[in-house]
Every structure is written in structure tokens, then in C-alpha cells.
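The values are calculated or read from the model by the stated rules, or taken from the named source; none is laboratory data. What you see is a predicted model, and the numbers here were worked out from it, not measured in a lab. FYI the Cβ positions are ideal-geometry reconstructions off the backbone, even for glycines, and counts take in every protein chain you see.
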Amino acid sequence: MYGHRKNISDVRTPDRFSYPPSPSPSSYSTSSGKSTSGRSRVRGAARSVAGVFVACFTPPEEDTHHHSSSVYGGVSDTFSSTSDFSGASDSTDGRKRGTARGIYGTRNDSTHMKEPGSVKFTIAEIHYATKNFALALKVGQGGFGTVYKGQLQDGTLVAVKRAKKIMYDNSIGGEFQSEIQALSKVEHLNLVKCYGYLQHGEERIIVVEYVPNGTLREHLDCIKGDVLSFASRLDIAIDVAHAITYLHTYTDHPIIHRDIKSSNILLTEKLRAKVADFGFARLAADVESGQTHVSTQVKGTAGYLDPEYLRTYQLTEKSDVYSFGILLVELVTGRRPIEAKRELKERVTARWAMKKFTDGFAISVLDPKLEKSEANGLAIEKILELALQCVHSHRRNRPIMRRCAEVLWNIRKDYKELLD
């Protein structure tokens, strides 16, 4: 009824596969009509889409272990290992650098600082803000440590991330430095703002913007607030796309987040999205010097990990694009990337959703808490079409994040027109 297609009889789900050539980003259909040639190529590419997700959940055997990480202390399964170094390859991922910041250079007002991450707090200021780390102000717990809600002397509400003292090893120290370095370079409406840090004696503390309305995952689970409308989910997807585009394109040196997931996306009271937790962030390869990727041990979260990165240890901005594709599926289905308690064919959410999409039943994967309307049916088809491109097994065939944002803008425009 909504976006129904002729069934594809030869769809199969092998353990390993290779995609046929992927349509270019310019072939996306963003109007209410359908693009026959674009859709046929997408169908062809999707016929064996499941294999990519099998690889995604099989981490490399060497030097890889689970690590808990979260934006405000929530626990999740993340792959983490040490020893990062730069490298080059024989292929090139093009990147277009820009100097005009536009919407990606939006600066947040702050009464406490002039530059992001520039303040070196004293322990006395931290004790004042958290009332000596009062248990009543504890808002989260995770692999990095404990997170407290605090208030600076000028009234600014903050989240104070205090590392566990027993975990001051090379890994935690590296994550602390990575987060400080990354946060000190960025400022954008859809990124959690960093106010400063403290590194004194045994204390490792990061002070960031306090975002009061919980994580996207909590909202999808209805732990926080009412059911997120389809329109709100589309707005959130666009906010996240803008944030990642800024990191990849408009910073002084491109930054790869490496842990894009729903529990790392905070929502304001007006449901604006802010990407958080830069503990795994890395500077991207220096294209001007001829590098095309960063060679590094794998870090990230099960379910969102780029299989090509898992296989080759070669990190590029396209690894964030892959994670974003998984996030898009999560937004429209409401399901987590891995649903261990479901029947086998539905356990890997993206594989299940893409199979339904290519069979012509995209509307059937819509979060059951949402209405199966014509507008929702047409929009979900286009979102899944974009998600399919983002999770392509080869990074060279994935769109850049700026293109993702453009496609989502057009989807939202068409969606609003159908509602009017």
C-alpha cells in the first residue's frame, strides 16, 4: 500500500558478498515521484546486502576488546584497542575543503568562555560545581567514569565527566587526550560544547555542556518523554548529519568521530540533537600530504562499525557515514542495531530492514508506535534508500556526509508538503 514494490524473487543473504556498482549520490530520488533507473540500481545493490552486517559484528581477532563508553555514562559494547598511527594507501577518498562555514560554523553563545575547551579548571572550581561530587548530582556511569551535573559560578549548567582513578592506564589516558583535543577544535550548534578540563594529580576531568533531555536511544525506548514523531526523527537525522558534515569538512583539520550511535546523541528540550562523546575521535588523513586513510586499531560500537574498517584497519570519514546509515535505520524502526532476543532473521536490524525494503515492504519496518500513513510510507522508502548507500560494503561507494544532509533536507521538504 505504501511504497509497495514488486517482490524480488532472487533476494538472498550470503555470509560474504560483493555489491555491484552503486548508484552515485546524484541518483537519489528526493521528490515524491520515483526514479526508475535509480531504484533498479538500488534493488540490485541490495539483493545481497546482508553480508555486510555479518562482517560488522565480527571484530578483528588481534588487539581488540570490549570497552564501555557513553555520552553521560551509559554502558554500551564498544570495540577499543590502542596503538594508532598514520598510513597511506593507493586509493583516494576525495575531500572538498571549504573556508566559508555557513550553517556549519554556527557559534553557540557562552557566558563562560571565548574559545571551546580553552578553560583549565581548578579542583576547587570542580568541587564547587559538583558540591564535592555529591551523589545526588550523579547523572551517569560508564567505562570512562562518572558524570555529574554541575553549575559553574557564573550559573552555567555543565556535565562533569570524572575518569575512574583505577583506570588511568594508557587506554583511558589516550581517550581523555583525544576528547580534549577534538573538543577544543569544534564548535557547532549540533555538537556538545566543551567548556574545559582538569588534569591534576590523579584527576582527569572534562567539563562539557549539560543537555537536559536525555539520549536519542532513551527517547526511542520511551524512557524519556513521549513517542518521537516521524517529523522529529527526521529533524534529528538532519541535525546529526550537519554535525558530522561539520567535523568532516569545516574544521581546521577533518575529524572522524568513530562512535556515532543513538546513545551518543543528546536531545535538548526542543528535541534538537547534539552529538557527544569524542573519546574515540581521530584526526582524518592529511590529504595534502598524499594520505588517504589513517591506519589504526579498531574502536567503535558493535552494530555501528564499518566492516571495511574492521577488515583493513583503515579509517576514513566514510566509517562515520556507515555508522550514520545504521542510525537512520534505528530512527525509522525504533529498534537497536542488534536485537538479540528476536528471531534469527530479525536480530540484525539493518539486514532485516533492507530485506523488507528491497521486497517492497518498507512501511512494515516502521516503528509500530508511529502511524502507517502515506507520508510516512514515502519518506521511509527514501530514508532507507539513503541508508542503503551509507552502509555499502566499500567506502568509495558511500556518499559523503554533506550529500546525506542534502538528501535528508529534500526528504523533509517533500514530507512537509504531503502533510500540508
request  = Can you tell me which residue within segment 190-205, out of those that are in a loop (DSSP other than H, G, I, E, B) and within 16 Å of the chain's Cα centre (by Cα), is surrounded by the fewest Cβ atoms within 10 Å (Cβ to Cβ)?
outcome  = Asn190
request  = Among the residues of segment 267-304, count how many are small (Gly, Ala, Ser), modelled with pLDDT of 80 or more and out of contact with any Ser or Thr (no Cβ under 7 Å at 6 or more places or on another chain).
outcome  = 4
task = Look at Val208 and say whether it is outside any helix (DSSP H, G or I), modelled with pLDDT of 95 or more and either in contact with a strand residue (DSSP E or B) (Cβ under 7 Å, 6 or more places away or on another chain) or among the β-branched types (Val, Ile, Thr) (or both).
result = no
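Does segment 343-367 hold any residues that are of a type in the set (Lys, Arg) and part of a helix (DSSP H, G or I), and which are they?
Taking segment 343-367 and keeping what is of a type in the set (Lys, Arg), we get 345, 347, 351, 355-356.
Scanning segment 343-367 gives Lys345, Arg351, Lys355, Lys356.
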key: Residue in segment 363-380 that is nearest to the chain's Cα centre (by Cα), counting only those that are more than 21 Å from Gly303 (Cβ to Cβ) and buried (at least 23 other Cβ atoms within 10 Å of the Cβ)   = Ala379
query = Is it the case that some residue within segment 391-412 is assigned by TED's automatic domain parsing to the domain that holds Phe230, surrounded by 24 or more Cβ atoms within 10 Å (Cβ to Cβ) and among the polar types (S, T, N, Q)?
reply = yes
message = Can you pull out every residue in segment 294-309 that is under 14 Å from His392 (Cα atoms) and not in a loop (DSSP other than H, G, I, E, B)?
response = Pro307, Glu308, Tyr309
task = Tell me, yes or no, whether segment 227-249 has at least one residue that is in contact with a Ser or Thr (Cβ under 8 Å, 6 or more places away or on another chain) and not in a loop (DSSP other than H, G, I, E, B).
result = no
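Would a scan of segment 334-342 turn up a residue that is more than 17 Å from Ile260 (Cα to Cα) and outside any loop (DSSP other than H, G, I, E, B)?
no
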request  = Could you grab the pairs with beta carbons closer than 7 Å, sequence gap of 6+ or different chains, first residue in segment 369-386 and in contact (Cβ under 8 Å) with a residue 12 or more places away in the chain and farther than 13 Å from Leu234 by Cβ, second one among the aromatic types (Phe, Trp, Tyr) and not in a helix (DSSP H, G or I)?
outcome  = Lys372/Tyr2; Glu374/Tyr2; Gly377/Tyr2; Glu385/Tyr28
